[in-house]
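Input: a single structure, listed below in structure tokens.
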Amino acid sequence: MSPQLTLQAPLELSPDEVPNYLERLWGSELDASTGASTFTLVVWEPSWLQQQLIRTGHIDGPINGLLNKELFAAARSVTAECGLPLCTAPMAPELALALGEQPGHHKAEDLRGQFVDQAISAHRPRRLITLAPTLREDHPLETLVAAYCPLPEESSGSPPACGDVVVLRGGKGAIEQGLALLGPLVGEELPCWVWWNGSLDESPDLLEALALPSRRVVLDSSIGDPRRCLDVLVEMIATGRAVNDLNWLRQRGWTESLAMVFDPPGRRDALNHVVQLDIDVEGTHPVQGLLLAAWIADRLGWHLLNSYHIPADGLDVGIGAEFQRSDGESVQVRLMSVPVGIPNSHPGALVGLRLICCPQGKKPLCVILCSESGGCMRLEAGGVATMELAEEVVSVSGDSEEMEMARLLSGGHDSTNPLLAAAAPLAAKLLPL
Amino acid sequence: MTSTLTNPLRVGLRQERVISPQCLVIFGASGDLTHRKLVPALFELFRQRRLPSEFVILGCARRPWSDDDFRGKMAEALADTIRDHHRDWEQFAGNLYYEPVDLQQSEQLLRLADRLDGLDRLRATRGNRTFYLSVSPDFYGSGCRALADAGLLSDPKRSRVVIEKPFGRDYGSAEKLNRIVRACAQENQVFRIDHYLGKETVQNILVLRFANTIFEPIWNRNFISSVQITAAETVGVEERAGYYESSGALRDMVQNHLTQMLALTTMEAPGRFDPEAIRNEKAKVLQAARLANNEEPWKCCVRGQYSAGGSPSDPFKAYRDEPGVNPNSTTETYVAMKLFIDNWRWQGVPFYLRTGKRLPKRLSEVVLTFREAPVQLFDAAGGSPTANQLILRIQPDEGAGFVFDVKAPGSGMRSRPVDMHFSYDESFGEPSDEGYVRLLADAMLGDPTLYTRADEVEAAWRLYTPLLELIEDSPWRLPVQPYEAGTWGPGAADSLLASDGLMWRRP
């Protein structure tokens, strides 16, 4: 997708000049009435992987924060030389960390925040504020400002709705120092979205400062320590903040496919007789699998009895749990890590799901959902051939992060999705201590 | 036990767009449509969590009600709906307000503007407004003018106006109304409603055609021999005689609902799923449509009016005996016609449209009949070979069916038709939203995809102008023919197809 063009070259100003400059800009160069009456989007955009791949010469610049095929291919190709397992997902923070140990001094222009992906610009953000931390910790704070308007062919005859972009760039300390700017820039009149486009392990204070209760937060529970990811989600939900999880959104093909299996009314009774649920995920990040298991358990009214690690050869290879159905019968749940040759971009992508139902007086029903990028042979084993089999292939979404984000923006969700709000606390309990 | 009446895994899965903070102003709030359709649809949106917390419904009508009166009237009218959702209703009713307004009195519009400003401050609705004209069609033009004069449509990004059907009575009046509306607001602020477009199954015509690769290659004159579009009702005129007497089936059903089904069935594929792209294609195909005989329209159209019928235990009155109907009325309650579309895709393919009241079944469907096999290799078990048919069932039993020949069991090689069918109920098992739920949400989201554009409306009226002029100027050329209530219309409608060697599908 082509990026949106700015009206003017980004202007570097000292931080304290920015609010006044923007006020002047909208009063003179741009007619204030053309300002989009939409929302403010604040993005934490560390792009550590891209920055490290560029620094070490594996890809060329510029640094723009966009995830593309070239970036993922380069990341997959350096996994082994960094000493990480081949099934490490490109977006796993450990890859960027390992790359940080490698030598390299390549430089590139830093254009983070100055491109607005078309998927997002189509929603006409009134103000896009990008926090762009640099690899150099002592990098001083730089503040860039520009205005943008939609390209004529994108406005579809509707009146122009312009906006502006503000970039705060510097070392982490400098960014934290620049936070004071955010208050006046965000304002109260329009909704504000905060997109934490990085690992949940880093800068917890900064996340806390950005994710004020009045703002709508978007994060990704696949990036960071699983316990920390779930704890952040649960805490935000518990404190009534509107939180959206891109990792949750990525599993919608699975929830939709499973719901579809039980759409025909004749199949629905089987849901009252589930005895076993197996979920396979890529690598060792279990959060997406746990969220899926928790969603199923919540929707079917199961009560969690216990959860435990499943060891093999001295390693934890999975998570087991026992639930009790509302009729008192037991349901066994197992979430297993499976190795894959070419991992998905984000850690812990779902590979397969098996749900076994044993309705009384009827043939058992076995539902197997399988990722189109992987095999389900493990789930197809174990005597399921004697059961009524319902198999579906779940397509892998090729949508970019920006596209997912654009969907959220178009949805205008000002509260947490109730399914996520119910599933996240249960997923946190499912993850054994 | 979890209830399996609904699919528990389906609940809450739909990732719907959420409406921005705003105020929905309903003019005609004391009318039938408000409590029968609009407020129930808004309550449903509220229950689906699709309304923001900063949301207001401001009812406006001439009656001197208070906010509490309005809330009470709506609660009374929706008593059955809210019985099981009392807590939801309590919350929802807090969003209902009322302002006595006569659209013809400019000072009252100024007072309304003040009230809206007050509600903006009180409920943080940010000046974002949707005005719904649920008033007599005579007031659409003056209503728009009054809103514009009061400055309520001046911000194209924050104000929009929804106009109910019928949009005009003929081409001339529709064009005039469009001129007035365009002078008051930009086209992207205007939402002309046709509730048929809110039906899932009508929208499914687009998905079936353009999400599958198997249909488009055969969706043309080379493979399709004829198309029938039917919208049949079992009910009579009910309490709508006042309106129906001046409109009739042609204006009430054909110009809007049947024409929309025709447009969706015959339009070219849009380049993208975008409101303008879709409406461009619909307008283009309607501009290419014409009556089968524009010079002598009485030869391609049949009008009918139901006479008494039914059984001794369940008798039906004749239309002329219905309350409020002129005993000598010549209003048609049934109309059937033949159309052509002059473009590369459809040249020469006849389209038969019919609609009527007091027919034996309530149903709406589009039936595409395919050409017969060029050589008949097999004897047909039924005597004559059956053409393939694709049936898109709009309502009831929503779904689709495909009729094709298979080998009849036995030692010979005889063919017989079978029906392969898809049913929304069997596949999804969930009731779909009432059309107004979807359409109201879209208007408040500013998405005009399922609304008709000015040129579409005009093209639809232009298509039927020869018929309307004929009925106006020489009604004896196209008299209303009586048909017994509970039958499939006048015999002349069968003759219309019989002359082409065809028959209406008997559903």
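Provide, as a two-decimal number, the C-alpha radius of gyration of region B:61-138 over 2.2 N^0.38 Å, N being how many residues it has. Each step should come with its number before you reach the end.
Details: Rg = 14.4 Å, N = 78, 2.2 N^0.38 = 11.5 Å.
Expressed relative to 2.2 N^0.38 Å, the Cα Rg reads 1.25.
Sorted by accessible area with a 1.4 angstrom probe, largest first, how do A:106, A:285 fall? Before the final figure, lay out the partial values.
On the way: A:106 110, A:285 20 Å².
Sorted descending by solvent-accessible area, the residues read A:106, A:285.
For residue B:107 and residue B:477, FRET efficiency with R0 = 51 Å and r from the beta-carbon atoms, rounded to 0.05? Don't skip to the answer; put the middle values down first.
Numbers: r = 50 Å, r/R0 = 0.98.
Calculated value: 0.55.
Percent of accessible area on chain B owned by carbon and sulfur, 1.4 Å probe?
Values: 11070 of 21970 Å².
Result for chain B: 50 percent of the exposed heavy-atom area is carbon or sulfur.
Would you please name the chymotrypsin sites (Phe, Trp or Tyr not before Pro) within region B:175-244 that are DSSP coil residues with at most 14 other C-beta atoms within 10 Å of their C-beta? All intermediate terms of the calculation are to be shown ahead of the outcome.
Working: sites: B:191, B:196, B:210, B:215, B:219, B:223, B:243, B:244; in loops: B:215, B:219, B:223.
When the chymotrypsin sites (Phe, Trp or Tyr not before Pro) of region B:175-244 are filtered for loop state and at most 14 Cβ neighbours within 10 Å, B:215, B:223 remain.
Return, in residue-number order, each cysteine of the protein assembly as shown whose C-beta is not under 4.7 Å from any other cysteine's C-beta.
Cysteines lacking a close Cβ partner in the protein assembly as shown: A:82, A:87, A:192, A:229, A:357, A:358, A:366, B:23, B:60, B:300, B:301.
Let me know the Kirkwood hydrodynamic radius for the protein assembly as shown, please, with Cα pairs as the basis and the value in Å to one decimal.
Working: mean 1/r = 0.0319 Å⁻¹.
So the Kirkwood estimate lands at 31.4 Å.
Take every residue in peptide B:325-332, count the Cβ atoms of other chains within 10 Å of its Cβ, and give the average of those counts.
Mean inter-chain Cβ contacts per residue within 10 Å come to 0.
In percent, how large is the relative contact order of region B:250-337, given Cα pairs closer than 8 Å and 6 or more residues apart? Spell out each step's value before the answer.
Details: 74 pairs, mean separation 19.9, N = 88.
Over region B:250-337, the number comes to 23 percent.
Can you compute the equivalent ellipsoid semi-axes for region A:94-217, i.e. the square root of 5 times each eigenvalue of the Cα gyration tensor, sorted largest first and rounded to whole Å? Don't skip to the end; give the middle numbers.
Working: eigenvalues 158, 72, 38 Å².
Rounded to whole Å, the semi-axes are 28, 19, 14.
Just flag the trypsin sites (Lys or Arg not before Pro) in region B:238-297 sitting in loop per DSSP whose Cβ has no more than 12 other Cβ atoms within 10 Å. Can you show the working numbers first?
On the way: sites: B:240, B:251, B:272, B:279, B:282, B:284, B:290; in loops: B:240, B:272.
Passing sites in region B:238-297 are B:272.
Which of A:289, A:27, A:163 moves the most in a Gaussian network model of chain A with Cα springs under 10 Å?
A:27
What does the highest-first list of A:86-93, B:474-481, B:30-37 look like by mean Cβ count within 10 Å? Each step should come with its number before you reach the end.
Details: A:86-93: 21.4, B:474-481: 14.8, B:30-37: 17.0.
The packing order, highest mean first, is A:86-93, B:30-37, B:474-481.
Springs between alpha-carbon atoms under 10 Å, Gaussian network over chain A: tell me which of A:136, A:252, A:169 tops the mean-square fluctuations.
Among A:136, A:252, A:169, the largest mean-square fluctuation in the Gaussian network model of chain A belongs to A:136.
Please report the relative contact order for chain B, taking Cα pairs under 8 Å with a sequence separation of at least 6, and give it as a percent rounded to a whole number. Mind showing how you got there, number by number?
Numbers: 913 pairs, mean separation 86.8, N = 507.
The value is 17 percent.
Once Lys and Arg get +1 and Asp and Glu get -1 on their Cβ, which of A:175, A:68, A:88 lies farthest toward the positive end of the dipole of region A:59-208?
Farthest towards the positive end: A:68.
Taking H as built 1.01 Å from N, whose amide H comes closer than 5 Å to the amide H of residue B:132, not counting residues under 5 places away?
Those lying under 5 Å, H to H, from residue B:132 are B:25, B:26, B:27, B:162.
For B:240-251, what's the mean count of beta carbons from other chains sitting within 10 Å of each residue's beta carbon?
On the way: counts 0, 0, 0, 0, 0, 0, 0, 0, 0, 0, 0, 0.
Partner Cβ neighbours, averaged per residue: 0.
Where both residues lie in chain B, what percent of DSSP beta bridges are antiparallel, nearest 5? Could you put the intermediate results ahead of the total?
On the way: 44 of 81 bridges.
If we restrict to bridges inside chain B, about 55 percent are antiparallel.
In sequence order, what are the phi-derived ³J(HN,Hα) couplings for region B:360-371 according to the Karplus relation 6.51 cos²θ - 1.76 cosθ + 1.60 with θ = phi - 60°, rounded to whole Hz, with x for glycine and proline?
Going residue by residue, I get x, 9, 8, 6, 10, 7, 10, 10, 9, 9, 8, 5 Hz, with x marking Gly and Pro.
Can you tell me how much longer the chain between residue B:221 and residue B:293 gets when fully stretched, taken as 0.36 nm per residue apart minus their C-alpha distance, in nm with one decimal?
Values: separation 72, 0.36 × 72 = 25.92 nm, distance 1.92 nm.
Fully extending the segment from residue B:221 to residue B:293 adds 24.0 nm.
Which whole number gives the average, over all residues in A:265-278, of C-beta atoms from other chains lying within 10 Å of the residue C-beta? Don't skip to the end; give the middle numbers.
Numbers: counts 10, 2, 3, 10, 3, 1, 7, 5, 1, 1, 0, 0, 0, 0.
Per-residue shielding by partner chains comes out at 3.
At q = 0.10 Å⁻¹, what is the log10 ratio I(q)/I(0) for chain B, with the Debye formula run over Cα points and no solvent?
Here log10 of I(q) over I(0) equals -0.86.
Among A:266-278, A:46-58, how do they line up by average Cβ neighbours within 10 Å per residue, starting with the highest?
Numbers: A:266-278: 19.4, A:46-58: 22.0.
Per-residue mean Cβ counts within 10 Å order the peptides as A:46-58, A:266-278.
Keeping all protein chains in place, calculate the accessible area per residue for region B:22-164 (probe 1.4 angstrom), answer in Å². Before the final figure, lay out the partial values.
Numbers: 6120 Å² over 143 residues.
With the other protein chains kept in place, region B:22-164 gives 43 Å² per residue.
Which peptide among B:161-173, A:64-76 comes first, and what is the full order, when sorted by highest mean count of other Cβ atoms within 10 Å? Let's see the in-between values first.
On the way: B:161-173: 20.5, A:64-76: 17.3.
So the order, starting with the most tightly packed, is B:161-173, A:64-76.
Pop out the Kirkwood hydrodynamic radius of chain A from its pairwise C-alpha distances, inverse of mean 1/r, in Å to one decimal. Kindly include the intermediate steps, with their values, before the conclusion.
Details: mean 1/r = 0.0430 Å⁻¹.
One decimal place: 23.2 Å for the Kirkwood radius.
Through the Karplus equation 6.51 cos²θ - 1.76 cosθ + 1.60, θ set to phi - 60°, convert the phi angles of region A:97-107 into ³J(HN,Hα) values in whole Hz; use x for Gly and Pro.
5, 5, 4, x, 7, 8, x, x, 9, 5, 10
Take every Cα pair under 8 Å in chain A that's 6+ residues apart, average their separations, divide by the length, and report that relative contact order as a whole percent. It would help to have the intermediate numbers written out before the result.
Working: 868 pairs, mean separation 73.5, N = 433.
Once normalised by length, the contact order is 17 percent.
Using Stokes-Einstein with the Kirkwood hydrodynamic radius over Cα pairs, what translational diffusion coefficient do you get for region B:363-507 at 4 °C and a viscosity of 1.567 mPa s, in µm²/s rounded to a whole number? Display every interim value, and only then the final one.
Values: Rh = 19.9 Å.
After rounding, the answer is 65 µm²/s.
Using the structure shown, list the pairs from B:37/B:357; B:37/B:73; B:317/B:361; A:172/A:429; B:37/B:176; B:282/B:361 with a Cα-Cα distance above 25 Å, or answer none. Intermediate values should be presented prior to the final figure.
Numbers: B:37/B:357 21 Å; B:37/B:73 14 Å; B:317/B:361 17 Å; A:172/A:429 33 Å; B:37/B:176 28 Å; B:282/B:361 29 Å.
Correct reply: A:172/A:429; B:37/B:176; B:282/B:361.
Accessible area lost on pairing B with A, both sides, 1.4 Å probe, Å² to nearest 100? Walk me through the intermediate numbers first.
Values: alone 23450 and 18780 Å², together 39370 Å².
Counting both chains, the buried surface is close to 2900 Å².
The values are calculated or read from the model by the stated rules, or taken from the named source; none is laboratory data. The shown structure was predicted, so the numbers you read here are calculated from the model rather than taken from an experiment. Cβ coordinates were reconstructed from backbone atoms using ideal geometry, including for glycine residues, and neighbour counts include every protein chain displayed. The area values use the complete protein model at the heavy-atom level, side chains included, leaving out ligands, DNA and RNA. Shrake-Rupley method; radii C 1.70, N 1.55, O 1.52, S 1.80 Å.
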